[in-house]
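One structure below.
The values are calculated or read from the model by the stated rules, or taken from the named source; none is laboratory data. If you're wondering where the values come from, they're calculated on a predicted model, not measured in any experiment. Cβ placement follows ideal geometry from the backbone for every residue including glycine, while neighbour counts extend to all protein chains displayed.
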Amino acid sequence: MPSQNLLRGAGALLLSCAALPVLAQDYTITVWAGGTGDDSNYRMDAIDMAADILEREAAIRGEELSITVESQAWSGWDDFKQAFSLASEAGNAPDLIVSGHEDIGPWSEAGLIVPIEDYVYFDTWPLSSIYPNLIEVASFNGQIWGIPQDAEARVMFWSIPALEAIGWSEDEIASLPDLILNGEFTLYDMLDALKAMQDEGVLEPGMAFGPRVSNGPDYWQFYQAFGGEMADPETGKLVLDTEALTGMYQFFVDAVEMGVVSSTHLGMEWDAWHQNAAAGSYGAWHGGTWHYAQWTNQFGLEDFFGTVEYTLIPAGDENGRANSITHPLVYLLTAAAPEEEAAIAAELVAIASEPRINALHAVKSAHLGISEEETLVPLYAENRWLTAASERLAPHTNAIPNNPDFGTYWTAMYEGLEASWTGVTSVEDAVAEVEASVTQALGDDVIVR
Amino acid sequence: MVAPAILLLMAFFFTPVVLTGVFAFTDMSTSTGISRGCYVVTPTTLRRLGDRGLGANDAEAISAASYAVDEAGLAAARDAGTDAAFLADIEERLTGETFETARDFELALRDLPNAPRSPRALKSAADLFGQSLLNHRFVTRAELAEALAAHAPGVAEEMREALTDDAYTGAVFTTENFTRLATQPETGRLIANTALYVGATLSLFNVGLGLFLALVLFYMPKPVTGLFSTLWLLPRITPVVLYTIMWKWFTWEDGFLPILAEQLGLPAFNYMKGSVVTAWMTMIALNGFIGASFGLILFSGALRAIPVQQLWASEVDGANRLQQIRRVILPQLRWPILFVTSYQTLSLLSSYEHIWLTTNGGPGKTTTVWALEAFKTALSNYSGNLEYGLGAAMALVLVVVGLVLSILYLRLFRFGDLVGRPRIEF
C-alpha cells in the first residue's frame, strides 16, 4: 500500500522535524470520560496536569508547545457509550476517551480506536511500571490498545452492628474475611445471617440484603461464585456455564423468597441505595472500593472501619470460589485524532500515568493504583482504605474478558437475572432463554457447558 | 402543492422507513460500525479459521512478520521522507540485517544516535522495512487478497478466501434479526406489555377520561369550563423532562403520594419503581394524563356541534343526564371516539420517552414495551453494544403494524365517504 506508507512517512517526517526549533505548535486535545462522578475529576484533570508538564519539557528542549485540554465528564455509561459510538460514526469523536476495558473489543473491531502502543513505549517509565495484569486487561488481539487509568476491587460490605446484634463476637466478625476466602462461609450462609438480622428486628423486612441496583460487572461475580467462567483461557471463546448461571439466578430468587431483598430491587434509585448503605440499613451489600469515597464524602458515613466489614463475594457452592472483579478503566486513543494530535495525546496519557499524578485520582476516588510505585506515594500509602483493600481484595480479583461479543452475552445474562428475580420467568426458563439467545447470536463463538 | 408534499413525505417518512428496512436486514452493531468495514486478520480470525481447518503452520505463516534492512526498504523510507540523519544511521549500521518481530527491529532502531524522539515516528519508519499482515486494516478485499497471496503463498486458495471473508469487519446482510424476534420468548412478553400499555392507557385515559371530562365540562357553566380545559392541557404542554420529574416528586419515597399514604396508614414506598403493579399504574397514568387532554379537546368540540335543541327536546321528554348522554350524545360522538382511538393507538405504540425517563421499563423488565426495547437495543444500553440491525428490525415491525392498523382504521372510518362529494347541494 504505497499511498498509506507515503502518508505515514509524511507523518513520521513531520514528527522527526519536531526536534528542530520551529514555530509555536498549538494543539487542542479533547478528552471524554465515562462513569465519572464528583470524585473522579482527575481522570481529566490528570491530562491537564500532564499538558502543563509536557509544555514545560518542550520549553526546555527549545520548542514552543501549547496544549489546550478540553474535557467532558459523563456520569453514566449508557449515554457515554452511545455518544462516543455515534460521534465516531459522524466523525466528531474526541481524541481520548476513558472507558471500561471491555469496550476495546467492539471499538477496535469497528476501527473507532487505534492501538496506543503505536504511540508510546511500554518498556520505558512510567508505563513500564504499570502492573502487567493491567496491561493485559488493556490488550486485545495481541496489541495494547489502552493505558490503564485505575483499578479496583468489588466488595461485599457487612454491617458490623447488625452482625453483633445476632450474636457475632468481635473475633468472629474479624475472621469473616478469611472464612469467606476459604469458602467456609457461602452466599447461603450469608442469607441465613441476613434472615436472622431481620428476625431479630435489627433491620427492616426486605432490607437485609442490598445488591447493586443496576447492571454492572458485579453480577458476574455471582456467576463465578457458582463456578462459572466467562471466557475459556485457552481459546479466548466466551463460556456459558448453564449450571453456574442457574446457581446464580436461584440464589437471588431464594434471597427474595427468604424475604431479605425485594423482588423489585433491580432498577431502584442509586441515591436511595447509597443512603441505605451509608446509614447501615442493609446487613450486607455489594459495591466497589470507590464507594468508600462516596459514602464518606457525600453520604455522611463517619466511622467506616468501626461499622463496616469488607470481604470478597463469598462462594455460592462447592463448585465456585470467593471472588472479586476488577474493572479497570483505560485511556483509549480514538481513530478520530489526527496523527500529530494522537501522538501528543498518547504522550499526555503516559505522563498522567506517573505515580504521583495517578495517586491523586486513586486516593480521591478510592480506586486502586496502577503500579507498585504508586503505592509508595505518601498520599496513597497513608490511605487506610486503599492499603486495606489492596491487601485483602486485590490479589483475588479478575477482569471481565475483552471480546467483541461479550456485550451480547452480558445483556442476555442480565435480562435473565431481571426476569427470574422479578418472577417473570422461572430460573430454568431464564437460563434456557439466555442459552438460546446467546447461541443464536454467537453460534460457534460461545462454548456452552 | 403536490411536489412539496411529496418532497416532505420522501424526506420525513419514506427515507427513514427505507433506511430502517435496509438496516433491519443487516447485523449492523457497534462492532461492525455503520460505514463500510475493513479487512483485518487478527489472532481471533486465525483461531476461528483454526476451528474450520486452518493448519497451525499456515496460521504461523500468515501471522509471521519479517523486517529486512535492504535497498528496497531504504528507498521506501527515503521516498516517505524519513529524517535523513536517521536514515543514514539505519543504512550505515543495520544494512543487511533481518528481524523476526517488529519489537526487535524497533529496539534496534531506538539504539541509533539520530533516532526520533517520537515513538510514532520511529514505528512508522520501521513499517517501511517490512510487512506484517496481522492486525493491519486493509481497505478493500482485493488488497488483503493480494497481501495474503504475497505473504503466505503456501496457504490453499480456498482457505485464503475463507480467511478474507472472515476478516471483514463491516455489517453483512442477514435475516437473522427476524428469526431471533420470531423465536425468542422475550418477544411474547414485549407484545403482551405493549398491548397492556396501549390498551389500558387508551381505554382508561385517552378515551375514557377524555370523554368523562368533556361530558362533565359540557354540563358546567362556561367560565369554569374554560379554566378546567386549560388546566387539563398542562400535562401536554409541560416539557417531557419537567413532567417526568414532577411525577418522580409525586411518586417516589418522600414524595407527595407516599407521604399521603403514610398519613392514611397505607403502604408507602416508591410507587414508580417499588412494585410491578404500582409501576404499571404510574406509567399508564402519567402517559394517560397527556392523552386525556387530546380527547378532551376533540370531544368538547364535537359536543358543541350537537344541536342544543336535541338536548332540550330530550329534557322535555323527561330524560335524565345519564339517559341524555347514552341516547343522544354518545351516538353522535362515534366518529370522534373512533378517531381518538385510532390516532392514539398509533402514537402510543411508538412512544417510549416517558417510560424511559420514569420506570425505565422496570422493575426488572416488567414495564418494558416494544418501542422502548427497540430504542435500548439500537441506541442505549449499559454494555454499549448497540445492535443497530436488530433495533431496526424491531422498529420495522412497528412501522408495519402501524401501516396495517392505519389501513384498517381508514376502512373502518370509511374515509372515502368522509372526503367524498357532499350529497347535499349548498
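Scan (1) of a type in the set (A, V, I, L, M); (2) without any contact (Cβ under 8 Å) to a residue 12 or more places away in the chain; (3) not assigned by the TED database to the domain that holds B:Thr367 for the single condition B:Ala195 breaks and write down its number.
The single condition B:Ala195 does not satisfy is (3).
How about the range B:325-365: which of its residues are within 13 Å of chain A (Cβ to nearest Cβ) and either touching a residue at least 40 places away in the same chain (Cβ under 8 Å) or at positive phi (or both)?
Scanning the range B:325-365 gives B:Ile355, B:Leu357, B:Thr358, B:Thr359, B:Asn360, B:Gly361, B:Gly362, B:Pro363, B:Gly364, B:Lys365.
Pick from the range A:109-129 the residues that are more than 9 Å from chain B (Cβ to nearest Cβ) and buried (at least 24 other Cβ atoms within 10 Å of the Cβ): which of them is farthest from A:Ala352 (Cα to Cα)?
Here the answer is A:Ile113.
If I go through the range B:60-89 residue by residue, how many of them are crowded, with 20+ Cβ neighbours inside 10 Å, within 12 Å of chain A (Cβ to nearest Cβ) and either within 26 Å of B:Leu46 (Cβ to Cβ) or polar (S, T, N, Q) (or both)?
1
Just one of (1) in contact (Cβ under 8 Å) with a residue 24 or more places away in the chain; (2) more than 25 Å from B:His136 (Cα to Cα); (3) within 9 Å of chain B (Cβ to nearest Cβ) trips up A:Phe140, so point out which.
Exception for A:Phe140: condition (2).
Does A:Asp103 count as buried (at least 21 other Cβ atoms within 10 Å of the Cβ), among the acidic types (Asp, Glu) and under 22 Å from B:Ser35 (Cβ atoms)?
Here the answer is yes, as A:Asp103 does meet what is asked.
Rundown of residues vs (1) farther than 24 Å from B:Gly364 by Cα; (2) more than 12 Å from chain B (Cβ to nearest Cβ), yes/no style:
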| site | (1), (2) |
| --- | --- |
| A:Ala225 | no, yes |
| A:Pro233 | yes, yes |
| A:Thr246 | no, yes |
| A:Ser263 | no, no |
| A:Ala272 | no, no |
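Which of the numbered conditions does B:Thr179 fail, given that it passes all the others? Conditions: (1) in contact (Cβ under 8 Å) with a residue 40 or more places away in the chain; (2) assigned to a helix (DSSP H, G or I); (3) within 31 Å of the chain's Cα centre (by Cα).
In the conditions (1) in contact (Cβ under 8 Å) with a residue 40 or more places away in the chain; (2) assigned to a helix (DSSP H, G or I); (3) within 31 Å of the chain's Cα centre (by Cα), B:Thr179 misses (1) alone.
Of A:Asp103, A:Asp123, which residue is acidic (Asp, Glu) and in a loop (DSSP other than H, G, I, E, B)?
Every option except A:Asp123 fails the conditions.
Here's the yes/no breakdown for (1) in contact with a helix residue (DSSP H, G or I) (Cβ under 6 Å, 6 or more places away or on another chain); (2) farther than 30 Å from A:Leu112 by Cα:
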position	(1), (2)
B:Thr42	no, no
B:Asp51	no, no
B:Asn57	no, yes
B:Ala64	no, no
B:Ala76	no, no
B:Ala80	yes, no
B:Phe99	yes, yes
B:Phe105	yes, no
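Can you find even one residue in the range B:366-374 that is without any contact (Cβ under 8 Å) to a residue 12 or more places away in the chain and within 11 Å of chain A (Cβ to nearest Cβ)?
Keep residues of the range B:366-374 that are without any contact (Cβ under 8 Å) to a residue 12 or more places away in the chain, which gives none.
Checking the range B:366-374: not a single residue is without any contact (Cβ under 8 Å) to a residue 12 or more places away in the chain and within 11 Å of chain A (Cβ to nearest Cβ).
With respect to the numbered conditions (1) within 21 Å of A:Tyr409 (Cβ to Cβ); (2) buried (at least 17 other Cβ atoms within 10 Å of the Cβ); (3) not acidic (Asp, Glu), which one is the sole condition not fulfilled by A:Thr242?
(2)
What residue, among those in the range A:274-291 that are buried (at least 23 other Cβ atoms within 10 Å of the Cβ) and over 20 Å from the mean Cα position of the chain (by Cα), is nearest to the other protein chains (Cβ to nearest Cβ)?
So the residue we want is A:Tyr282.
Mind listing whichever residues of the range B:117-171 are over 19 Å from B:Asp104 (Cβ atoms), part of a loop (DSSP other than H, G, I, E, B), within 11 Å of another protein chain (Cβ to nearest Cβ) and in contact (Cβ under 8 Å) with a residue 40 or more places away in the chain? Quick ask: steps written out before the conclusion?
At the first step, the residues of the range B:117-171 found to be over 19 Å from B:Asp104 (Cβ atoms) are B:117-118, B:137-150, B:152-171.
Those left that are additionally part of a loop (DSSP other than H, G, I, E, B): B:117-118, B:137, B:139-140, B:152-156, B:169-171.
After this cut, where a residue has to be within 11 Å of another protein chain (Cβ to nearest Cβ) as well, the list is B:117-118, B:137, B:139-140, B:169-171.
Scanning the range B:117-171 gives B:Arg137, B:Val139, B:Thr140, B:Thr169, B:Gly170, B:Ala171.
Output the residues belonging to the range B:384-397 that are part of a helix (DSSP H, G or I) and within 12 Å of the chain's Cα centre (by Cα). Please lay out each step first, then the result.
In the first step, residues of the range B:384-397 are kept if they are part of a helix (DSSP H, G or I); the result is B:388-397.
Within the range B:384-397, B:Tyr388, B:Gly389, B:Leu390, B:Gly391, B:Ala392, B:Ala393, B:Met394, B:Ala395, B:Leu396 meet the criteria.
Among the candidates B:Val340, B:Val369, which residue alone is surrounded by 22 or more Cβ atoms within 10 Å (Cβ to Cβ), more than 21 Å from the chain's Cα centre (by Cα) and closer than 21 Å to B:Ser203 by Cα?
Just a single option satisfies the conditions, and that option is B:Val340.
Sort out which residues of the range A:80-100 are in contact with a strand residue (DSSP E or B) (Cβ under 8 Å, 6 or more places away or on another chain), in a helix (DSSP H, G or I) and of a type outside the set (A, V, I, L, M), and write them in order of number.
A:Phe80, A:Lys81, A:Phe84, A:Ser88
Output the helices (runs of 4 or more DSSP H) that fall wholly within the range B:1-67 and possess 1 or more residues being among the basic types (Lys, Arg), or say none.
Helices (runs of 4 or more DSSP H) meeting the threshold: B:43-51.
Every residue, every condition in (1) in a helix (DSSP H, G or I); (2) of a type in the set (Val, Ile, Thr); (3) outside the structural domain of B:Ala192 (by the TED database); (4) modelled with pLDDT of 90 or more, yes or no:
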residue: B:Gln324; (1), (2), (3), (4): yes, no, no, no
residue: B:Val328; (1), (2), (3), (4): yes, yes, no, no
residue: B:Ala371; (1), (2), (3), (4): yes, no, no, yes
residue: B:Leu408; (1), (2), (3), (4): yes, no, no, no
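If B:Ser300 satisfies every condition in (1) without any contact (Cβ under 8 Å) to a residue 12 or more places away in the chain; (2) away from chain A (no Cβ under 14 Å) but one, which is the exception?
Failed condition: (1).
From the list B:Arg334, B:Arg321, exactly one residue is under 20 Å from B:Asn206 (Cα atoms) and surrounded by fewer than 14 Cβ atoms within 10 Å (Cβ to Cβ). Which is it? Talk me through it step by step, then tell me what you get.
Numbers: B:Arg321 fails: under 20 Å from B:Asn206 (Cα atoms).
Step by step, each of B:Arg334, B:Arg321 is checked, and only B:Arg334 is under 20 Å from B:Asn206 (Cα atoms) and surrounded by fewer than 14 Cβ atoms within 10 Å (Cβ to Cβ).
Report whether or not A:Pro233 is in a loop (DSSP other than H, G, I, E, B), surrounded by fewer than 19 Cβ atoms within 10 Å (Cβ to Cβ) and of a type outside the set (Gly, Ala, Ser).
Answer is yes for this residue.
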